[in-house]
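Here the structure comes first, spelled out in C-alpha cells, and everything after it is commentary.
Derivation of every value follows stated rules applied to the coordinates shown; laboratory data play no part. If you're wondering where the values come from, they're calculated on a predicted model, not measured in any experiment. Counting neighbours? That spans all protein chains shown, and the Cβs are built from the backbone with ideal geometry, glycine included.
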Amino acid sequence: MQAKVKKYTLDFKRPSGTSRGILNQKETWFLILEKEGRFGIGECGMFKSLSYDDVPEYEAKLQWTCDHIERGLSQLWEELRSFPSIQFGLEQAFLSLESGDPYRLFPSAFTSKEASIPINGLIWMGDKGYMLEQIQQKLEEGFRCLKMKIGAIDFQSEISLLEAIRKEYSEDRIELRVDANGAFKPEEALGKLTELSNFGLHSIEQPIRQGNILEMKDLCKRTPLPIALDEELIGVIDVTQKEELLQTVKPQYIILKPTLVGGYKGSGEWIEIAERMGIGWWITSALESNIGLNAIAQWTYTLNNTMPQGLGTGGLYTNNFESPLEVKKGYIYSRANKGWQPNLIAKLCI
C-alpha cells in the first residue's frame, strides 16, 4: 500500500465571521491511499486556532503517517491520539479504499437516495443587516432550524435580531439555536443566558471559553437555557477524561465535530458516555471540503439521530469539489448517481 498527502486551500465565497475572527481561507489536507490500482481518500481538516492538533509539527506528522501506513488503521489511530484530524482522515481513507468507491463509505438508505438528514441553517456573524439577510434567505430556502453565531457584534443588537425573528416566527415554526463560541465572560454569562431564554431558544453552544470547568459546571446547573458543549470537548482524548468531564459539568447537550474529536471512533466514545448519562448530542461539520462533509453525513445517518444536524457548510467555498450531497428545504440528500468529479483522484495527486 502506498500513501501520500496533498495540501489544499479552500477559498471562502465571502469572508465568514466567528467570535474568533474573519475567515477568508481554510487549509485542509488529503490522505490518498493506493493499493493494487484502487484509491482511497480521507480529509484531515485541521482547523487553525481551534484544533487540538494545530501544532508546528502537524505536516511532519502527516508525512510520518504516510511513511508508516503499513501499520494499519487500528494501530495508527491509537498512535495518533494527539492528532484527531489525522485520525479522521485515516478512517475515511481506509473505508474509501475498502469500498472501491471514494464516494460511498457507509452504504445505507441515505446513499441510495431513499432517505435524508434534517439540518440547521447556519447564520454567520456580521452586522445586523447581513445577519438579517442570511436569516431571510434561509427561511426562503425552507429551513425550519436556524443556528446563529453570536458574540461578535453588540449583544443588544443580537437580542434585537432574535426579537425580530420571534415576532415573525413562533417556536413552532422556527427552532433557533445560538453559538457563542466562548464569547461570554463567566461573570456575565448567566445574565446573558437569562435574556436569551426569553426567545424560546433550543440551546446555546459554548457560552464561555473552554477550560473554565467549574464555571461551566455552575452555569449548566443554573442556566434557564440548555447548554451544549462544543469547544470544551476538544483535546479531551482519553476515555476516562471524557467521562470525568461530562460527569463534572453535566451539560444538557454535547456537539461532536469528528474532525476535532478523533473521527468516528472518537465521536463514538463521546456518544456512548453521553447516552449513558442522559445527555443529548448531535453532529456538526467543521468547515471541511465536500469530501469530508460527505464522509460525516453518511456516518451521521447511520446513528439514527432525528435532531437537525450541522451538515450544511459545503457551499461556502469557490473552489470546493463537486459534491454528491444536495441541500433542499432544510434537509441534506445524497445524489448517488452524480458521484465525484471523474478527475478527483488525479486533481489531488498532482
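Distance from the Cα centroid of region 267-286 to that of region 136-200 is 23 Å (rounded to whole angstrom). When every Cα-Cα distance of region 7-137 is counted in 5 angstrom steps from zero, the calculated P(r) takes the values 2, 9, 15, 16, 15, 15, 13, 9, 4, 2, 0 percent. Measuring nothing but how far apart in sequence close Cα pairs (under 8 Å, 6+ apart) lie, relative to its length, region 117-334 scores a relative contact order of 21 percent.
Take the alpha carbon atoms of region 28-57, find their center, do the same for region 72-129, and report the distance between the two centers in whole angstrom. So the two Cα centres are separated by 12 Å. Applying the Karplus relation 6.51 cos²θ - 1.76 cosθ + 1.60 with θ = phi - 60° to region 297-310 yields 3J(HN,Hα) values of 4, 4, 5, 4, 4, 5, 7, 6, 9, 8, 5, x, 9, x Hz, where x marks Gly and Pro. Compute log10 of I(q)/I(0) for the chain with the Debye formula, placing one identical point scatterer on every Cα and leaving out solvent, at q = 0.06, 0.14 Å⁻¹, to two decimals. After summing over all Cα pairs, the log10 values are -0.21, -1.18.
Within region 211-227, find all residues whose amide N lies under 20 Å from a label point positioned 7 Å from the Cα of residue 197 along Cα-to-beta-carbon. It comes to 214-227, nothing else. A cut-off of 5 Å between modelled amide H atoms, ignoring neighbours fewer than 5 places along the same chain, links residue 281 with 254.
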